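The values are calculated or read from the model by the stated rules, or taken from the named source; none is laboratory data. In this text, all values refer to a predicted model and were calculated from it rather than measured experimentally. Here Cβ is always computed from backbone atoms with ideal geometry, including for glycine, and neighbour counts include all displayed protein chains.
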Amino acid sequence: MNYAMIIRPIIGALIGYVTNWIAVKMMFRPLHPIKIGKWNLPFTPGIIPKNKERIADSIGNAISDNLLNEQ
C-alpha cells in the first residue's frame, strides 16, 4: 500500500490546523501592547483589540443601514 497517499493529507491537515490556530491567536491576543523598554513588540495588541472602536462603529453602521428600517 502506498502510505504517501495517507500521510500527505494528514500532514497537510496538521499544518493547516496549526497555521489557523496561530492566526486566531494573533487576532485576539494579547489584549494590551507588550513593551520592551520604550518600544512596542510588533503585532501587539492583536488586530481586534487594537481596532475595537472602529470595528464597533462599522458594525453599528452596517446594522442601522441594512437590518433596521424606518418602521
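Details
- Long-range neighbours under 7 Å by Cβ, at least six apart or interchain, first residue within 26 Å of ILE48 (Cβ to Cβ) and at pLDDT below 95 within the range 8-25, second among the charged types (D, E, K, R) and surrounded by 10 or more Cβ atoms within 10 Å (Cβ to Cβ): none
- Within the range 37-68, being closer than 18 Å to ALA23 by Cβ and not aromatic (Phe, Trp, Tyr) holds for LEU41, PRO42, THR44, PRO45, GLY46, ILE47, ILE48, PRO49, LYS50, ASN51, ILE55.
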